[in-house]
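The values are calculated or read from the model by the stated rules, or taken from the named source; none is laboratory data. Values in this document were obtained by computation on a predicted structure and should not be read as measured data. Neighbour counts are summed over all protein chains in view; Cβ atoms, including those assigned to glycine, are modelled from backbone coordinates with ideal geometry. Surface accessibility is based on the protein's heavy atoms, side chains included, excluding ligands, DNA and RNA. Shrake-Rupley method; radii C 1.70, N 1.55, O 1.52, S 1.80 Å.
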Amino acid sequence: MEQKQSIEQLTGRARLPNFAIPRRYDLHLKLDLSACTYSGTVQINVSIVEETKFLVLNALELDVHEVCFTNSHGQYRPSDVVLDGDEEFLVLVFDQALGVGEGVLGIGFSAVLNAHLKGFYKCTYLDGGEKKNMAVTQFEPVDARRCFPCWDEPALKATFKIAVDVPSELTALSNMPIISEKLDANVKTVYFEESPIMSTYLVAVVVGLFEHIEDTTSDGVKVRAYCPVGKSDKGEFALNLAVKTLDLFSKYFSTPYSLPKLDMVAVPEFSGGAMENYGLITYRENEMLYDHLHSTTARKQRMAIVVAHEVAHQWFGNLVTMEWWTDLWLNEGFATWVSYMATDILFPEWKIWSQFLQQTTGGLVKDALEQSHPIEVEIHHARSILEVFDDISYKKGSAVIRMLQSYLGDDIFQKSLSSYIKRYSGKNAKTEDLWSVLSEESGVKVSGMMDAWTKEKGYPVISVKAKEHILEFEQTQFLSSGLQGDGNWIVPINFSLGSYDRHKSFLLETKSREVDISDLVDSLDNEQLWVKINIDQSGFYRVNYEDKLAARLRKAIEHNSLEATDKFGILDDAYALCEACEQSLSSLFSLMDVYRKEVDYIVLTKLIDVCYNVVKISSEAIPDSANDLKQFFINLLLFPAEKLGWESIPGEDHFSALLRAEILQALVIFGHDQTQKEALDRFQTLLNDRNTPLLSADTKGAAYIAVMRNASISNRKDFESLLNVYRKANTVQEKERILRFLASSPDPDTVVEVLNFFLSDEVRDQDIIYGLIGISLECREIAWIWLKENWDLILSKYGAGMLLTHFVRDIVTPLCSNEKADEVEEFFASRVHPAISMTLKQSIAQVRIKARWVEHIRQQQSVQELVKELAGKK
């Protein structure tokens, strides 16, 4: 009884007890790929820092065979071995206490290569048309314990010496270079160099059939890109990026890359986009393989950001690691921010910082929910960690960093980061450690300024009024639900008056403040004098202008007086305020109307995004105006659409290709007859000639949407042709593109057929995320019925991991009524799981926010007349 109580005391918590510390792992894994199993031994050098009769480490879904602890006093075998599947602990009970000092814990174990894309898992590849098995690891956040027994926490760093037994014809990769190989018949044992100190979640092993290309950095680091056989040329873009970003970050952080090599490998099945394993970055294939014929311009751009992000992690995350998952944002927020910085240096013509605003907006949307969480978030269960790999850690995290960088200045910020990396190299850090270094370098008390941004959830909306030569600023917490929050932030405010040459900045440290602008202008009564707060959208907050200031900004947009980033911000804030029922839909439409002659990519993508969201809500709120509304949105987009056309022009800029794809797809979705007809005609040409120049990688999407918008059970011909294109496609890029649009049909029977197709063996598990996001507005309720009917199958097929959150978010969030929100709550009441609980709460909250907005619009008398008027305006 006493022993049982002791075990319960040791295991009933999120963190491991700290009386034993691992120093070194010697891990040997023996794979049987035909049976999809493996066995292994691990010898762990352990420091016992407090006398104990228990050793507690992590293990999950492992069979433990042999356990022995050896120290200078002899060998000890445990009297009891307890595997706790719920707590994911392995408890070793010894009759005799283990004394303070050094020892070695040896464990023999075996396990199955699972099919859920986490831990040590199996996936398949084609070798001469034959399906064969390969093995890949994905340990972040807490799945090293699924592969071998270990102290699976980021602060418990150790060195790793790894060996693997694999079929002789396959390539084996790990974090470090190979030191030797030993062949025994058709099995080879591959021995890798011992690693520097690192966290368990960064350990990696990949075993498969690859070919590779390589290059070397200016510091002599060998970089390789491992690709599927026959596709090594598709790895050249990623390889080139990796070499350049390694050099760039070595200089920026004033610290060289810490390993002798960096491998990148494209694996056929992967739950995320990519993973920064130390010295061995793994990618899903379409995030690393660039095909100039089949990859879109948007994919090429994303690939640059993703490669830079993963390479940045070799410093921010791998060399300096967060102490616990509470500070995940130190990894992900910084890697996101610095990936944009690197991409901007490598491709200045892409103006990537303007597109960073899409990251900021993603953070603002999620953080306006009452069900948001602070950047520094408490973690209570290992399986809930996965859910904080979200828009708060990545997007709000990176946006808050950008805001701080703008306030402190580029040079101080860079110098501080270099000092931080040097000080904590090989160690673990917390948020306050970073603030401390920034404070030392800048002389600013950074923690006092930033604590509310990282330790509290939410952000402010700044209300602005003008009176003679005074601007009045007031901050309140912004919530999409319309409720009042009580947060208070120290907000870096900047603004311009009538010209970007007239500007001012200050810290808003209290709830409200009056700012005298008589040093810039005599009076604010001039009707032509616009006031733009949050110049360049560098701050993580929204702005609510009084009516007369909003009217002046509309004129400034019409006269093209504002930068693209500011036009983006004005529209983004107006939409958010409208959704929160702080402004009328009519006022939003009046603002959208002044964007008719807009040509800038970042502004138009925001306009299209707002159009999509308004269509979704209006179908419920003002269904009689649906056609007029779509006509208004078509009118907004015809000017840039006619300028761009369907075909690219030699020498055109990056943004024309990006924008052409977005605008043509929007016009097809809104039912523009001419665009739909052209899209269908071009699709017929594609069926006769797969390499037709009439459909590029960027314009195929519009054609595929047109096919599906016209598909129904009685009109299946083109739908079946598109499925056939998918089945015959030999590139991951083309398969992804088709999956994105297959569920866009307005016909419920067709969409249910497509959803069942997604669950079939014809679609790789990882690719479900592309299909779910494209479910049509008309079929959101049938998709919810389908999810309920198939939930048990989905849970067993995909497991409780990252992919499962997509089913919840992409199918629940589009719903639009309180009745549906109640249904969702009732259904999941008995099916909740730590891996989806936060996503579920946030999705239900978004449904209720839309339901409230629908009711608010129904009470607005003039909105339908305005829509009719705007639809008729050419």
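So the values come out like this:
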quantity: Carbon + sulfur, % of accessible area of the range 253-306 - ligands and nucleic acids excluded, 1.4 Å; calculated: 55 percent
quantity: Nearest-0.05 FRET efficiency for Glu509 and Lys422, computed from C-beta distance (R0 35 Å); calculated: 0.60
quantity: Cα pair distances of the chain binned at 20 Å [whole percent]; calculated: 14, 46, 33, 7, 0
quantity: Efficiency of FRET between Ser180 and Asn756 - r from beta-carbon atoms, R0 56 angstrom, step 0.05; calculated: 0.65
quantity: Of Lys606/Lys797; Lys261/Lys457; Lys131/Lys157; Lys351/Lys597; Lys131/Lys188, pairs whose Cα-Cα distance is over 28 Å; calculated: Lys606/Lys797; Lys261/Lys457; Lys131/Lys157
quantity: Whichever aspartates and glutamates have a C-alpha closer than 18 Å to that of Lys868, once near sequence neighbours (fewer than 8 apart) are set aside; calculated: Asp593, Glu620, Asp624, Asp628
quantity: Between the range 429-493 and the range 727-764, the Cα center-to-center distance that results, in Å; calculated: 44 Å
quantity: Label-point separation, Glu130 to Glu169 (7 Å along Cα→Cβ), nm; calculated: 0.6 nm
quantity: Aspartates and glutamates whose Cα lies under 12 Å from that of Lys30, excluding same-chain neighbours fewer than 8 positions away; calculated: Asp165
quantity: Additional length obtainable on full extension of the chain from Leu694 to Glu825, 0.36 nm per residue less Cα span; calculated: 42.4 nm
quantity: Relative contact order of the chain, pairs being alpha-carbon contacts under 8 Å that are 6 or more residues apart, as %; calculated: 8 percent
quantity: Cross-link table Lys677/Lys700; Lys251/Lys396; Lys630/Lys874, entries beyond 18 Å C-alpha to C-alpha; calculated: Lys251/Lys396
quantity: Charge dipole of the range 759-874 about the Cα centre (unit charges at C-beta), most positive-ward option of Gln864, Val854, Phe828; calculated: Gln864
quantity: Difference of contour (0.36 nm per residue) and Cα-Cα distance, Gln860 to Ser796; calculated: 18.4 nm
quantity: Positive-pole candidate from Trp791, Ser447, Ile535, dipole of the chain, charges at beta carbon; calculated: Ile535
quantity: The range 792-874 - percent relative contact order, Cα under 8 Å, separation 6 or more; calculated: 34 percent
quantity: Contact order normalised by residue count of the range 542-619, Cα under 8 Å, 6+ apart, percent; calculated: 35 percent
quantity: Average accessible surface area per residue within the chain, 1.4 Å rolling probe, Å²; calculated: 38 Å²
quantity: 0 to 90° range, to nearest 10: angle between helix 732-741 axis and the chain longest Cα axis; calculated: 50 degrees
quantity: 12 Å beta-carbon shell around Ile162, net charge (K/R +1, D/E -1); calculated: -2
quantity: Within-14-Å neighbourhood charge of Lys677 [Cβ basis; K, R +1; D, E -1]; calculated: -2
quantity: Point-charge dipole on Cβ atoms (K/R +1, D/E -1) for the chain, about Cα centre, debye to 20; calculated: 860 debye
quantity: Value of Rg/Rh across the range 108-184 [Cα atoms, Kirkwood radius]; calculated: 0.99
quantity: Phi to ³J(HN,Hα) by Karplus 6.51 cos²θ - 1.76 cosθ + 1.60 over the range 782-795, Hz, x for Gly, Pro; calculated: 5, 5, 5, 4, 4, 4, 4, 5, 10, 4, 4, 5, 4, 4
quantity: Solvent-accessible area of Tyr726 with every protein chain in place, 1.4 Å probe, in Å² to the nearest 10; calculated: 0 Å²
